[in-house]
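Visitor: What follows is a single structure, and I will ask about it in a moment.
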Amino acid sequence: MGCGFGAEGTRIGEVVFTTAMSGYVETLTDPSYKGQILVFSHPLIGNYGVPEPLREDGVLLNMESDHVQVEGVVVAEETIPSKWNSKESLHEWLSDEGVPAISGIDTRMLIKKLRENGSMMGIISSNGDDKPSLDWRYDEVDFTDAVSPHSIIVHGRGENRLAVVDCGVKHGILRELVGRGFTVVRVPCKSPVDEILALEPQGVIFSNGPGNPNLLPGLAKTFRYIAEEKLPILGICLGHQVAALAMGGRVRKMKFGHRAVNKPVVEARTGSCFVTTHNHGYGMYDDDVPPNMKVWFRNPDDGVVEGLIHEELPIFTTQFHPEARAGPRDASWIFDKFAKVVRSG
Ligand SMILES: NC(=O)CC[C@H](N)C(=O)O
């Protein structure tokens, strides 16, 4: 029991935690969190309020999507904001967005429980008498339909065209692509492959997104067809997992996942370490890597494979978020690498 803030109501979701110390606006608007109740380990959340959304060419500059995507928010203390560009408080924002939150929780104890027992389903409610039944499991629901666009959306005016298979893409990814001079065409994630190829893209991005990648065999098939066309492909997070499944690998549920803005990944070939942003509850280990792909990055803490490169085709993928948002920009060179491959093709 704690103190409710944000919207009134009752929501069910998978309870997961992030150890990010800042960036709650970007985190809460990341569509990959659909279906999840998010616990912040950082004790003070809300300090700098919530800004007016800023947009350039239809791409959001300071949020990852147009809405708060999590089902509910759990914090130790919700603070009064003080910042020049704060338009409203976390409480006001969550109220407008219809998302319930709770403060006054011993979040460190709760996170210890999640670490020991693994991510689990939970209920957040502003009404103690409301006891909905937990009759669904996060792992069994395809959330991509809730966050993927229903029709094509175009950003940028560059000479080279990229298709983004949009499973709930973070606007930070779009910004990195538009900023490198591409026309970016976002397509619904269940688009038939011939509709994607009819756009004549010079490269394809399979985006981040919510839920269990094993529920998306159609998307893996689309990936395989596009790979056969020998088009350059960049897979990010869910896109990395779909790549692994498409090429004959395996993706498993992790006990409590990686959600933070300071996770190390080590490049296998060079031994270089990059500090990166993560938000994933599924992952793969060396045994799960598909034939013809090699490990590009690994997390040195637990050995999770954090990136793959195809041995022959121009396909590379990252489990982490090279666009950061929020987080350090150590890995933004991955977009430069992809841009170079697309332009040389
Ligand atoms: N950020 C993402 O794309 C997350 C991918 C997937 N839903 C996972 O949790 O592992």
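Visitor: What translational D, rounded to a whole number of µm²/s, comes out for the stretch 3-140 from Stokes-Einstein when the hydrodynamic radius is the Kirkwood one over Cα pairs, at 4 °C and 1.567 mPa s? Write out the running numbers ahead of the final one.
Guide: Details: Rh = 15.3 Å.
Calculated translational D: 85 µm²/s.
Visitor: With a 1.4 Å probe and all protein chains left in place, how much of the accessible area of the stretch 146-263 comes from carbon and sulfur atoms, in whole percent? Write down the numbers at each step before the final one.
Guide: Values: 2090 of 4320 Å².
Answer for the stretch 146-263: carbon and sulfur cover 48 percent of the accessible area.
Visitor: Please work out the average accessible area per residue across the stretch 144-344, using the 1.4 Å probe convention, and give it in Å². If you can, show how the numbers build up before the last one.
Guide: Numbers: 7560 Å² over 201 residues.
Per residue, the stretch 144-344 has 38 Å² of solvent-accessible surface.
Visitor: Looking at the stretch 1-46, which GluC sites (Glu not before Pro) are in a loop (DSSP not H, G, I, E or B) and have at most 13 other Cβ atoms within 10 Å? Show your work: numbers first, answer last.
Guide: Working: sites: Glu8, Glu14, Glu26; in loops: Glu8.
Passing both the DSSP loop test and the Cβ count: Glu8.
Visitor: Next question. Could you pull out every residue, at least 5 positions away or on a different chain, whose amide H is within less than 5 Å of the one on Val15? Hs are placed 1.01 Å off N in the peptide plane, and Pro or chain starts have none.
Guide: Ile37, Met120, Met121, Gly122
Visitor: Show that you can apply the helix-only estimate: for the chain, add -39,500 (n - 2.57) for every DSSP H stretch of four or more residues, divide by all residues, and state [θ] at 222 nm to the nearest 500.
Guide: On the way: 9 runs with 73 residues, N = 345.
Mean residue ellipticity, 222 nm, calculated: -5500 deg cm²/dmol.
Visitor: Over the stretch 1-60, what is the relative contact order in percent, taking alpha-carbon pairs closer than 8 angstrom and at least six residues apart?
Guide: Working: 39 pairs, mean separation 21.4, N = 60.
So the answer I get is 36 percent.
Visitor: Within the stretch 147-183, report the trypsin sites (Lys or Arg not before Pro) that DSSP leaves as loop and that have at most 13 other Cβ atoms within 10 Å. Please report the intermediate quantities before stating the final value.
Guide: Numbers: sites: Arg157, Arg161, Lys170, Arg175, Arg180; in loops: Arg157, Lys170, Arg180.
When the trypsin sites (Lys or Arg not before Pro) of the stretch 147-183 are filtered for loop state and at most 13 Cβ neighbours within 10 Å, Arg157 remain.
Visitor: Suppose we take every Cα in the stretch 144-344 and form the convex hull; what volume per residue is that in Å³? Let's see the in-between values first.
Guide: Working: hull volume 21.4 nm³, N = 201.
Each residue corresponds to 106 Å³ of Cα convex hull volume.
Visitor: Okay, next question. Going by accessible area, probe 1.4 Å, with all protein chains left in place, what is the ranking of Glu306, Glu78, Glu159, largest first?
Guide: Details: Glu306 0, Glu78 55, Glu159 175 Å².
Most to least solvent-accessible, the answer reads Glu159, Glu78, Glu306.
Visitor: Count the lysine pairs in the stretch 144-344 that are 8 or more places apart or on different chains: how many have C-alpha atoms under 20 angstrom apart?
Guide: Eligible lysine pairs with Cα atoms under 20 Å apart amount to 11.
Visitor: For the stretch 1-48, with equal point scatterers placed on the C-alpha atoms only and solvent neglected, what are the log10 I(q)/I(0) values from the Debye formula at q = 0.15, 0.30 1/Å, to two decimals?
Guide: Reported log10 I(q)/I(0), two decimals: -0.44, -1.42.
Visitor: Could you tell me what percent of the DSSP beta bridges with both partners in the stretch 3-140 are antiparallel, to the nearest 5? Spell out each step's value before the answer.
Guide: Working: 14 of 26 bridges.
Antiparallel: roughly 55 percent of the beta bridges in the stretch 3-140.
Visitor: Taking H placed 1.01 Å from N in the peptide plane, check which residues at least 5 places from Thr29 or on another chain put their amide H under 5 Å from its amide H.
Guide: When sequence neighbours closer than 5 places are left aside, the close amide H contacts are Glu64, Gln69.
Visitor: Let me ask something additional. I'd like the accessible area for Asp301: 1.4 Å probe, protein heavy atoms, all chains in place, Å² to the nearest 10.
Guide: For Asp301, solvent-accessible area is about 120 Å².
Visitor: Calculate how many DSSP beta bridges within the stretch 144-344 are antiparallel, expressed in % of all such bridges and rounded to the nearest 5.
Guide: Values: 23 of 41 bridges.
The antiparallel fraction comes to roughly 55 percent.
Visitor: Relative contact order for the stretch 1-148: what is it in percent, counting Cα pairs under 8 Å that are at least 6 residues apart? List each step's numbers first, then the result.
Guide: Numbers: 316 pairs, mean separation 52.1, N = 148.
That works out to 35 percent.
Visitor: Ordering Cys189, Cys273 by accessible area with a probe of 1.4 Å, largest first, what comes out? All intermediate terms of the calculation are to be shown ahead of the outcome.
Guide: Numbers: Cys189 5, Cys273 75 Å².
If we order Cys189, Cys273 from most to least accessible, we get Cys273, Cys189.
Visitor: Test of the criteria: in the stretch 189-233, which GluC sites (Glu not before Pro) are in a DSSP loop and have at most 16 other Cβ atoms within 10 angstrom of their Cβ? Display every interim value, and only then the final one.
Guide: Working: sites: Glu195, Glu228, Glu229; in loops: Glu229.
Passing both the DSSP loop test and the Cβ count: Glu229.
Visitor: Could you compute how fast the stretch 100-215 diffuses translationally, taking Rh as the Kirkwood radius over C-alpha pairs and applying Stokes-Einstein at 20 °C with viscosity 1.002 mPa s? Give it in µm² per second.
Guide: Details: Rh = 17.2 Å.
For the chosen part, D equals 124 µm²/s.
Visitor: Hey, another quick one. Got the relative contact order for the chain handy, in percent, Cα pairs under 8 Å and 6 or more residues apart? Mind showing how you got there, number by number?
Guide: Values: 859 pairs, mean separation 54.2, N = 345.
This gives 16 percent for the chain.
Visitor: Ratio of alpha-carbon Rg to the 2.2 N^0.38 Å globular estimate for the chain, to two decimals, please.
Guide: On the way: Rg = 19.4 Å, N = 345, 2.2 N^0.38 = 20.3 Å.
Cα Rg divided by the expected 2.2 N^0.38 Å: 0.96.
The values are calculated or read from the model by the stated rules, or taken from the named source; none is laboratory data. These numbers were taken from a predicted model, which means no experiment stands behind them. Backbone-built Cβ (ideal geometry, glycine too); neighbour counts: all protein chains shown. Each accessible area value is taken on the protein alone, full model and side chains, heavy atoms only, with ligands, DNA and RNA left out. Shrake-Rupley method; radii C 1.70, N 1.55, O 1.52, S 1.80 Å.
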